[in-house]
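Down below is the structure, laid out as structure tokens.
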Amino acid sequence: MKKRGYYDEFGGAFLPEILTATFDDLEAAFEAVKHDESFWQEYAALMSSYSCRPTPLTLADNLTRHFGGARIYIKREDLNHTGAHKANNVMGQGLLVKRMGKTRVIAETGAGQHGVATATMAAKFGFKCTIYMGEVDVERQRPNVFWMERLGAEVIPVREGTRILKDAINEAFRDWVSNMDTTHYVLGTACGPHPFPEMVTYFQSIIGKEARKQILAAAGKLPARVYACVGGGSNAMGIFSGFLEDPVTLVGVEAGGLGLDSGRHAARLASKDASIGVAQGYKTYFLQDEDGQMKETHSVAAGLDYVGVSPILSHLQARGRVRFEAATDQEVVEALALTIRKEGLIPALESAHAFVQAFKEAPLLSPEDVILINQSGRGDKDIFTIADAFGDPAWKAFIKAKAEAYHA
């Protein structure tokens, strides 16, 4: 018999006793809406009127010709409101919060896209909002911090630990323990204690539902392969869920950072550096040492440097249903530059990881084959990191002049 909240050996809900009742209430509320067709209709209507769904599918003609081999299609989650797939989950959880009668939301964020999406949802529904963000990520994602604050959210830099995403999650849980009667934690990825992995996947599955219909209409066939970047796993679970029952190869691409041999990466399932453990309320693969202490991670993409990964993805890898690869920072910057020049599209640095692997494999397939890349977000938020990676002298001069003018 399947244990509640488990995917074979992964998942679960390892909680302090004080949070048990809150999670029981959340699970009951989610179970009620999950089996209520009218709720999904309300959700889909909201996403259609407020968030530009369905997002389109784009045939990348120029990239297809450049690489030869398979036709390349791109699912355009960058056109979702707030610039990424994150809105799918937070708007769904926002509707759930209304049903539960709570008045405040909190969230963690790494790249800032989940934070912006949560702050946007809070502004629309009239909730108070607090966002926890690692101090390192606050500095490299300053544009998103600016928008969160304009939307009315309080952004709290987390100065503990490694000052990135995992530390922001820890702080958000501490807040929730103290304010659970009025507050809902809008966890941003398909991780954490049950029911979060299932719930986030449920809302993100709108990507896969759309993509499957769109690729059949556009190409007349299912894709040979589907590619998605993997941090915690929400965008990957979103698009993969549309093809799990089909004879389609699913490829998750993690952050290879400076290389898998460097110790400076965030590849949990594509490397041998991770092991199974329990942290932040659930069981999965974590980058941890032999004593169970979490290792430092690295990625050029702020949204991919999480130390763990969705228990559902760990389960799917164990079943052989999803293959995992890793893309290095350098490969990501090169794939991003090529996509910008060839297609006029600007993927987020996170999304560009999926492009790297797709570009490696497209030439190996037949022109009769079709592949699908999930462009989970747009690169506006990454302008400082991207400009620095490109070594753009005009950009550096612009930043220097702005800094001098500010301090004059």
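Each reported figure results from applying straightforward, stated rules to the coordinates on display, with no laboratory input. Just so we're clear, the structure is a prediction, and the values are computed from it rather than from any experiment. For neighbour counting, all protein chains shown are included, and Cβ atoms are generated from backbone atoms with ideal geometry for every residue, glycine included.
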When the charge dipole of the chain is computed with +1 at the Cβ of Lys and Arg and -1 at the Cβ of Asp and Glu, the Cα pointing farthest to the positive end, of Gly68, Val251, Gly134, is that of Gly68
Listed with the fewest Cβ neighbours within 10 Å leading, Lys3, Lys86, Lys166 appear as Lys3, Lys166, Lys86
Ellipticity estimate at 222 nm from DSSP helix runs (n ≥ 4, -39,500 (n - 2.57)) divided over the chain, nearest 500:
-14500 deg cm²/dmol
For segment 259-408, fraction of C-alpha pairs farther apart than 21 Å, in %
55
Reduced Cα scattering model of segment 209-304, Debye log10 I(q)/I(0), q = 0.12, 0.20, 0.24, 0.25 Å⁻¹:
-0.48, -0.98, -1.19, -1.25
At Phe384 and Leu364, where each label point lies 7 Å from the Cα along Cα→Cβ, what is the point-to-point distance in nanometres?
3.8
Which value, in Å³ per residue, describes the convex hull spanned by the Cα atoms of segment 1-107?
197
When the Karplus curve 6.51 cos²θ - 1.76 cosθ + 1.60 is applied with θ = phi - 60°, which whole-Hz ³J(HN,Hα) does each residue of segment 299-304 get, with x for Gly and Pro?
7, 5, 9, 4, x, 10
Amide H neighbours of Ala60 at under 5 Å, excluding residues fewer than 5 places away on the same chain, with H built from the backbone geometry, are Ile72, Tyr73, Ile74
re segment 143-192: pairs of Cα atoms spaced beyond 11 Å account for a percent value of 74
For segment 76-151, diffusion coefficient by Stokes-Einstein and Kirkwood Rh (Cα), 20 °C, 1.002 mPa s, µm²/s
173
What percent do you get for the relative contact order of segment 297-360 when only Cα pairs under 8 Å and 6+ apart count?
33
Integer Hz, Karplus 6.51/-1.76/1.60 couplings in order for segment 221-233, x for Gly and Pro:
7, 6, x, 6, 9, 10, 10, 8, 6, 9, x, x, x
With the alpha-carbon atoms as the only input, what is the per residue convex hull volume for segment 13-53 in Å³?
91
Could you check which residue among Leu269, Leu46, Leu79 shows the biggest mean-square fluctuation in a GNM of the chain with a 10 Å Cα cutoff?
Leu46
Could you derive backbone 3J(HN,Hα) for segment 335-341 from the dihedral phi with the Karplus parameters 6.51, -1.76 and 1.60 (θ = phi - 60°), listing whole Hz in sequence and x where the residue is Gly or Pro?
5, 4, 4, 5, 5, 4, 6
Straight-line reach from Lys75: which aspartates and glutamates have Cα under 17 Å away, leaving out those fewer than 8 places along the same chain?
Asp61, Glu210, Glu343, Glu350, Asp369
Separation between the Lys342 and Ala401 pseudo-spin-labels, each 7 Å from Cα along Cα→Cβ, expressed in nm?
3.4
Lys/Arg Cβ at +1, Asp/Glu Cβ at -1, dipole of the chain taken about the Cα centre: which of His407, Phe359, Gly220 is farthest positive-ward?
Gly220
Average projected area of the Cα convex hull of segment 98-213, in nm²?
7.9
The chain: antiparallel DSSP beta bridges as a percent of all, rounded to 5
30
Length-normalised contact order for segment 47-169 - Cα pairs under 8 Å, 6+ apart - percent
20
Spatially proximal lysines relative to Lys396 (Cα-Cα < 22 Å; intrachain offsets below 8 disregarded)
Lys381
So how far apart, in nm, are the two label points at Asp261 and Tyr50 if each is 7 Å from Cα heading toward Cβ?
5.0
Between Phe39 and Asn179, how high is the FRET efficiency from 1/(1 + (r/R0)^6) when r is the Cβ-Cβ distance and R₀ = 22 Å? Nearest 0.05.
0.30
If every alpha-carbon in the chain counts as one equal scatterer, what log10 I(q)/I(0) does Debye give at q = 0.12, 0.14 1/Å?
-0.91, -1.27
For the table Lys86/Lys360; Lys102/Lys209; Lys272/Lys295, the rows whose alpha-carbon distance is greater than 20 Å are Lys86/Lys360; Lys102/Lys209
Those GluC sites (Glu not before Pro) in segment 116-169 that DSSP places in a loop and that have at most 16 other beta carbons within 10 Å
Glu160
Which lysines have a Cα less than 17 Å from the Cα of Lys98, not counting those fewer than 8 places away in the same chain?
Lys34, Lys124, Lys128
Kirkwood Rh, segment 235-290, all Cα pairs: how many Å?
13.1
If Lys and Arg each add +1 and Asp and Glu each add -1, what is the summed charge of the other residues whose beta carbon sits under 14 Å from the beta carbon of Gly161?
-3
I'd like the antiparallel share, as a percent to the nearest 5, of DSSP beta bridges with both residues in segment 1-156.
35
